[in-house]
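If you scroll down you'll find the structure; I have some questions about it.
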Amino acid sequence: MLITEPKKKSRRRFLLGGLGVAGALVVGWGVMPPRQRLNANQPLPTENGEVALNGWIKIGKDGTVTVAMPRAEMGQGVHTALPMLVAEEMDVPLTSVRIVQSPIDKIYGNVAMLPDGLPFHPDDNGMVKRSAQWLTAKMARELGLIVTGGSSSVKDAWRPMREAGATARAMLVGVAAKQWRVAPGECQTADGAVTHASGKRAGYGELAAQAAGTVPGEIKLKDPKDFKLIGTPQLRRDSAAKVNGSAGFGIDARPEGLVYAALKMSPTVGGSVQKFDVATVQGMPGVLHVVDFSAKSDKAGVAVVAKTFWQAKQAAAALPITWNPGPNAGLSSEGIFKELAAKLDDESGFAYYKKGDLDAGKGAAQTIKAEYRAPFLAHATMEPINCTALVKDGKVTLWLPTQALGVVPMAASKVAGVKPEDVTVHVTYLGGGFGRRLEMDMVTQAVAIAMQTGGAPVQLIWTREEDMTHDMYRPIALARFSAALDAAGNVLAYDNKSAGGSITTQVLTRTFGIPGGGPDKTTAEGEYDMPYEFPNQRIAHVIVPTPVPLGYWRSVGHSHNAFFKESFIDEIAHAANKDPVEYRRSLLANHPRFLAALNAAVEKAGQPQEGHALGVALHRSFGSIVAQVAEVSIESNDIKVHKVTCAVDCGIAVNPNIIEQQIQSAIVFGLSAALYGEIVFKDGKVEQQNFDSYQVVRMNQAPEVEVIVIKSAEPPEGIGEPGLPPIAPAVANAVFKLTGKRLRSLPLRLA
């Protein structure tokens with residue numbers, strides 16, 4: 001079977017030599033392509049007369065198309081966007097497409113995420129980069145990890161799900177053509193049926209059984225100019241259930257015989273349980289079990305199991321526990337900042353990008369320097385951390401809001417002492433993910449607790465206080481910048497060095513038992529990959545290990561590095577006595593897509609109201625380019641954001657409606673971090689306990705957001721996260737215009 005798609009302006013074909021110590025020769029993309037992603041090891045399960053045409057698609061007798069869904073819906077709209085890809089290629093109405101959770105098979109693994117994590121500059125189109133991306137994609141295909149993250153769901157599905165739809169369509173057309181004794185090319189498809197000029201018509205449901213197992217000829221993906229569904233705004237398919245309350249989140253799981261667990265975890269990082277008094281709570285209403293799960297979890301603690309969650313929560317609160325504070329009792333955020341500063345003083349760091357010679361800045365007319373900092377941040381998802389587990393008869397069943405379906409069986413089986421294939425996972429809607437639900441701590445804890453409940457399913461729910469104080473946090477970070485300018489304000493040399501912890505190192509060790517090491521793109525992303533065309537630049541990072549657990553937080557390193565970089569670009573413009581927008585334009589001669597996004601946002605924003613100021617930021621993350629203009633005022637030393645105008649170039653816009661929603665979501669989420677977000681460690685403990693001390697933007701504080709989706713013919717890129725990074729610098733740059741104060745620390749505070 002040959003699958004083709006419209007030719008692009010260039011085809012990446014290359015020779016890669018000298019791979020590894022022994023060396024290897026790879027000739028072109030076509031000679032050794034990654035393995036197919038069309039058919040799984042086992043047929044797609046069917047019922048009620050359904051027929052599976054490949055690993056992604058099955059068709060019912062009534063013509064209903066069911067699509068295997070390997071990605072979790074956490075508010076980003078993939079349960080709408082991904083079925084659109086299949087519906088487009090099959091020529092069926094979106095209303096006739098439904099979804100079912102995919103089996104665990106490598107064809108559903110996320111191939112796009114790993115290549116995106118390689119630390120290459122976006123402007124680098126060399127052989128080494130192309131080779132590394134190709135090999136990494138092959139490795140990702142072999143790993144087959146089913147993961148939702150990195151704003152990669154649509155990007156990853158763009159090819160395989162369209163191929164699945166196009167292949168199914170060709171099989172159905174082939175059967176109809178054979179029955180009618182006509183050439184397949186004479187047949188057309190529309191509204192879930194095959195038709196012929198003679199007037200003959202057959203619905204997909206009529207043809208599916210005969211089409212199963214047939215071998216189609218050449219499969220041609222649609223040219224984007226022929227798209228009828230992709231590119232049109234479609235209502236979200238999950239909205240109605242979420243509005244009327246029928247949607248099932250993890251916390252809504254209700255298997256028969258369910259009991260509940262609440263827990264208490266060590267208040268200090270790395271602390272442990274010394275002793276606890278079970279007798280104190282055994283007589284409390286509903287209490288069934290008290291379980292120390294420390295040996296099975298990376299977080300030490302004790303859980304109380306009861307008939308209701310309220311009973312479990314009350315008993316857990318009353319349970320006397322003596323904690324061993326461990327080696328981090330003196331840990332503090334300020335102490336970590338001091339360590340980062342010392343490392344920046346002493347170490348050169350790993351250079352993620354170098355161009356030209358920094359010595360070109362010697363003898364400059366002026367040199368400006370600045371230091372920026374960002375705190376730890378919690379994810380604070382609206383749905384509390386939870387997992388429902390049943391361990392019985394050598395099997396484990398989980399009901400779970402997770403971003404990492406492919407990892408869960410490994411984590412659960414290790415705790416329960418069973419094989420991964422003996423673990424069944426029911427993925428529910430996620431009440432927010434933001435990277436937090438990539439983690440396995442709730443899984444290992446729930447399974448360990450369920451092993452002690454005598455075969456009863458147990459629902460573990462963390463309180464908001466336990467969640468806030470035991471998160472996997474966005475890293476604390478410190479960044480230093482230096483720019484040497486000539487008399488005309490041109491940058492002769494640009495130097496940026498930052499320091500912070502490595503998320504990837506921790507995740508590899510924590511989740512996969514792999515000792516991490518070496519560069520971590522997430523530490524410097526958003527700094528080293530900027531589009532600004534300075535002739536001489538060096539961007540480096542120093543990894544400073546920390547005992548604080550770190551995790552992927554929405555937009556990861558971009559979330560703070562964009563603030564650092566875009567704020568300093570404004571500082572350079574001010575030092576050069578140039579308008580910040582015009583200054584950016586002057587640095588984008590070879591980056592027309594960036595320039596177009598910047599111009600679109602600035603032109604749409606217009607002029608600020610009296611007493612307001614406009615701040616600008618431009619940033620690329622997860623392949624998408626976002627320009628934002630924030631309209632800001634100051635009221636009693638409080639920063640008020642009235643409106644954000646945002647232009648986004650994310651390639652082909654599969655569903656503009658969802659793109660607009662995601663940009664709005666990311667801006668509000670990012671604004672919460674920009675204005676209020678801060679997790680502070682003192683004496684080894686987190687000071688913030690709940691939303692009273694970890695504030696988020698309220699409805700009356702949320703700005704108006706206007707989104708411009710720039711038309712593009714490029715393949716889709718990420719959209720769930722790219723709207724977040726520019727908001728903090730855009731606001732900070734507006735504050736500088738209003739007050740003359742350069743805010744270099746997050747959260748942004750005037751007093």
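The values are calculated or read from the model by the stated rules, or taken from the named source; none is laboratory data. None of these values were measured; they are calculated from a predicted model. Cβ sites come from the backbone with ideal geometry, for glycine too, and all protein chains shown count toward neighbours. Surface accessibility is based on the protein's heavy atoms, side chains included, excluding ligands, DNA and RNA. Shrake-Rupley method; radii C 1.70, N 1.55, O 1.52, S 1.80 Å.
Is it true that V418 is modelled with pLDDT of 95 or more and within 29 Å of the chain's Cα centre (by Cα)? Steps first, answer last, please.
Numbers: modelled with pLDDT of 95 or more: yes; within 29 Å of the chain's Cα centre (by Cα): no.
Considered against the rule, which asks whether it is modelled with pLDDT of 95 or more and within 29 Å of the chain's Cα centre (by Cα), V418 comes out as no.
Related question: Given the structure, is R744 out of contact with any strand residue (DSSP E or B) (no Cβ under 8 Å at 6 or more places or on another chain), basic (K, R) and open to solvent by 40 Å² or more (accessible area, probe 1.4 Å)? Spell out the reasoning first.
Numbers: out of contact with any strand residue (DSSP E or B) (no Cβ under 8 Å at 6 or more places or on another chain): no; basic (K, R): yes; open to solvent by 40 Å² or more (accessible area, probe 1.4 Å): yes.
No.
Within the range 291-314, restricting attention to residues that are touching a Leu at 6+ places or on another chain (Cβ under 7 Å) and either part of a helix (DSSP H, G or I) or of a type in the set (V, I, T) (or both), which residue is nearest to A253 (Cα to Cα)?
V305
Any residue that is surrounded by fewer than 17 Cβ atoms within 10 Å (Cβ to Cβ), of a type in the set (D, E) and at pLDDT 95 or above - is there at least one of those in the range 666-684? Give the derivation first.
Initial filter on the range 666-684 (surrounded by fewer than 17 Cβ atoms within 10 Å (Cβ to Cβ)): 680, 682-683.
Imposing the further condition that a residue be of a type in the set (D, E) reduces the set to 683.
Next, only the ones that are at pLDDT 95 or above stay: 683.
Checking the range 666-684: at least one residue is surrounded by fewer than 17 Cβ atoms within 10 Å (Cβ to Cβ), of a type in the set (D, E) and at pLDDT 95 or above.
Of the residues that sit in the range 341-357 and are of a type in the set (D, E, K, R) and touching a residue at least 40 places away in the same chain (Cβ under 8 Å), which one is most open to solvent (accessible area, probe 1.4 Å)?
Filtering the range 341-357 for residues of a type in the set (D, E, K, R) gives 343, 345-347, 354-355, 357.
This time we only want the ones that are touching a residue at least 40 places away in the same chain (Cβ under 8 Å), so: 343, 347, 354-355, 357.
Values: K343: 69, E347: 74, K354: 145, K355: 79, D357: 81 Å².
In this case the residue turns out to be K354.
Of these, E721, E678, E631, which one is acidic (D, E) and touching a Phe, Trp or Tyr at 6+ places or on another chain (Cβ under 6 Å)?
Working: E678 fails: touching a Phe, Trp or Tyr at 6+ places or on another chain (Cβ under 6 Å); E631 fails: touching a Phe, Trp or Tyr at 6+ places or on another chain (Cβ under 6 Å).
Exactly one of E721, E678, E631 is acidic (D, E) and touching a Phe, Trp or Tyr at 6+ places or on another chain (Cβ under 6 Å), namely E721.
Those residues that are open to solvent by 10 Å² or more (accessible area, probe 1.4 Å) and over 13 Å from F376 (Cβ atoms), I need them from the range 464-481; list them, please.
Those that are open to solvent by 10 Å² or more (accessible area, probe 1.4 Å) and over 13 Å from F376 (Cβ atoms): R464, E465, E466, R480.
Also: Specify the residue that is nearest to A315 (Cα to Cα); the eligible residues are those in the range 271-287 that are touching a strand residue (DSSP E or B) at 6+ places or on another chain (Cβ under 7 Å) and open to solvent by 50 Å² or more (accessible area, probe 1.4 Å). Let's see the steps before the verdict.
Step one: of the range 271-287, the residues touching a strand residue (DSSP E or B) at 6+ places or on another chain (Cβ under 7 Å) are 271-276, 278, 281, 286-287.
With the extra rule that they be open to solvent by 50 Å² or more (accessible area, probe 1.4 Å), the set shrinks to 274-276.
Numbers: Q274: 19, K275: 16, F276: 13 Å.
Going through the qualifying residues, I end up with F276.
Anything in the range 701-716 that is open to solvent by 50 Å² or more (accessible area, probe 1.4 Å) and assigned to a loop (DSSP other than H, G, I, E, B)? List them, or say none.
The answer is K711, A713, E714.
Among the candidates T511, T505, single out the residue that is closer than 23 Å to G117 by Cα, of a type in the set (S, T, Y), open to solvent by 10 Å² or more (accessible area, probe 1.4 Å) and in contact with a helix residue (DSSP H, G or I) (Cβ under 8 Å, 6 or more places away or on another chain). Spell out how you get there, then give the answer.
Details: T505 fails: in contact with a helix residue (DSSP H, G or I) (Cβ under 8 Å, 6 or more places away or on another chain).
Only one candidate qualifies: T511.
Output yes when any residue across the range 328-340 is open to solvent by less than 30 Å² (accessible area, probe 1.4 Å), among the aromatic types (F, W, Y), more than 20 Å from T453 (Cβ to Cβ) and assigned to a strand (DSSP E or B), and no when none is.
Checking the range 328-340: not a single residue is open to solvent by less than 30 Å² (accessible area, probe 1.4 Å), among the aromatic types (F, W, Y), more than 20 Å from T453 (Cβ to Cβ) and assigned to a strand (DSSP E or B).
OK, next. Give the number of residues within the range 217-270 that are open to solvent by 20 Å² or more (accessible area, probe 1.4 Å) and either within 18 Å of I461 (Cα to Cα) or not basic (K, R) (or both). Step through it out loud before you land on a result.
Step one: list which residues in the range 217-270 are open to solvent by 20 Å² or more (accessible area, probe 1.4 Å), which gives 217-218, 220, 222-229, 231-237, 239-246, 248-249, 251-252, 254-258, 260, 264, 267, 269-270.
Now narrow it down to the ones that are either within 18 Å of I461 (Cα to Cα) or not basic (K, R) (or both): 217-218, 223-224, 226-227, 229, 231-235, 239-241, 243-246, 248-249, 251-252, 254-258, 260, 264, 267, 269-270.
So the count comes out to 33.
Still on this model: Report, by residue number, each residue of the range 180-214 that is of a type in the set (G, A, S), at pLDDT 95 or above and under 22 Å from K58 (Cβ atoms).
Scanning the range 180-214 gives A190, G192, A193, A202, G203, G205, A208, A209, A211, A212.
Matching residues to (1) under 18 Å from Q701 (Cβ atoms); (2) open to solvent by 50 Å² or more (accessible area, probe 1.4 Å); (3) not in a helix (DSSP H, G or I):
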| position | (1), (2), (3) |
| --- | --- |
| V581 | no, no, no |
| L588 | no, no, yes |
| I625 | no, no, yes |
| S633 | yes, no, yes |
| V654 | no, no, yes |
| Q661 | no, yes, no |
